[in-house]
1. Per residue, what accessible area does the chain have, given a 1.4 Å probe and all protein chains present, in Å²?
2. What shape does the stretch 29-89 take by its C-alpha gyration tensor, where a ≥ b ≥ c are the square roots of the eigenvalues and a/c under 1.5 counts as rounded, a/b above b/c as prolate, and the rest as oblate?
3. In whole angstrom, how far apart do the alpha carbon centroids of the stretch 231-254 and the stretch 167-215 sit?
4. Please build a GNM for the chain, connecting alpha carbons under 10 Å apart, and tell me which residue among ALA237, ALA33, ALA218 fluctuates the most.
5. Take the alpha-carbon centre of the stretch 54-113, take the same for the stretch 122-150, and report the distance between them in whole Å.
6. At 7 Å along Cα-to-Cβ for each site, give me the label-to-label distance between ARG231 and ASP92 in nm.
7. Quick one: with all protein chains in place, what share of the accessible area of the stretch 137-250 is carbon or sulfur, to the nearest percent (1.4 Å probe)?
8. Step through the residues of the stretch 39-45 one at a time and calculate ³J(HN,Hα) from phi using the Karplus curve (6.51 cos²θ - 1.76 cosθ + 1.60, θ = phi - 60°), rounding each to whole Hz and writing x for Gly and Pro.
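The values are calculated or read from the model by the stated rules, or taken from the named source; none is laboratory data. Being a predicted model, the structure only gives us computed values, none of them experimental. Here Cβ is always computed from backbone atoms with ideal geometry, including for glycine, and neighbour counts include all displayed protein chains. Calculation scope for accessible area: heavy atoms of the full protein, side chains included, ligands and nucleic acids excluded. Shrake-Rupley method; radii C 1.70, N 1.55, O 1.52, S 1.80 Å.
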Amino acid sequence: MAEAEVGDDVYGEDPTVRRLEERVAELFGKEAALYVPSGTMGNQIALRLLCPSGEEVLADADAHIVTYEGGGIAQQGGIQTRTLVSERGLLDPDAVAAQLRAGDWHTVGTRAVAVEHTHNRGGGSVYPLERLRRLRELTRAAGVALHCDGARIWNAHVATGVPLAEYGALFDTLSVCLSKGLGAPVGSVVLCSAEQRPLAWRLRHRLGGNMRQAGIIAAGGLYAVEHHVERLAEDHANARLLADLLDLPAPETNIVLIPVPEALPADEVARRCREQGVLVSAFGPRTVRLVTHLDVDRAACEQAAKVVAAALAG
Ligand SMILES: Cc1ncc(COP(=O)(O)O)c(C=O)c1O
């Protein structure tokens, strides 16, 4: 990162940012890519490409785009969301098909369906490929776009062996994070068509996301893409180890959700763990979330399991 070749990317002149965008577009088999500061901005830009103001995006009720993005697509994009409660956050194609609306003078039209793959609040859950294919078929038949919040799509790729390009071919747009499991300090990439890219650029500018010598951080993203994808398998093994040590079902990827006992608020469990040097998220009143990543090894997970077990018991 310290040696990155940089230019002024507000003028589209940063060669490292271009290299990162080209590489990620190539991996997913998409025509175009746009580097953005965050996954939150990536989702907002992508969904605004697909859905005009006053129309709707269908998503599961626990999706990041409806839970954790400050209502950004509603406030900035004027987009209405309609949500479906889905098992482990994974949309059921039949339930989606039943909800699609063409829209007319009276009704709000469904312009896009958004999936989250893997699903954060679903516990790092992975869409079976067949289910994604059905979602693609039914949305295409209805003239509705399909977006993927792929903050952790790299984990899905490593867990299933499905090539990134196969995922890329299923969606009109994706937002993929270079931070999170890949370990870059910052940054995400929006994947779209060449035709959509100028508008994506314009939307990023409006959101204040056009950055000057961004090659410094893009270089970290490039390194992560080249060196940190396959090693996600270690994070998955560590998550399974944590679950095993805590007597929980094996997770599919790198997220372990732990139910906490009735008398013990999740916040309290998180506080006790923090006191012992283990950072966990209270994920609701009755659930704690553990995430494995490249900064925690097997020994750290064994230690974390002891701390969490004591916090749950004490
Ligand atoms: C599924 C999902 N999408 C999007 C994001 C947003 O990423 P960022 O924190 O870079 O805005 C997150 C962050 O945790 C996430 O879990």
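1. Per-residue accessible area for the chain comes out at 44 Å².
2. Numbers: a/c = 1.64, a/b = 1.34, b/c = 1.22.
Taking the square roots of the gyration eigenvalues as a ≥ b ≥ c, the stretch 29-89 is prolate.
3. Cα centres, the stretch 231-254 to the stretch 167-215: 29 Å.
4. ALA237
5. So the separation of the two Cα centres works out to 13 Å.
6. With each label placed 7 Å out from Cα toward Cβ, I get 4.1 nm.
7. Carbon plus sulfur share of accessible area: 53 percent.
8. For the stretch 39-45, the Karplus-derived couplings read x, 4, 5, x, 4, 5, 5 Hz, x marking Gly and Pro.
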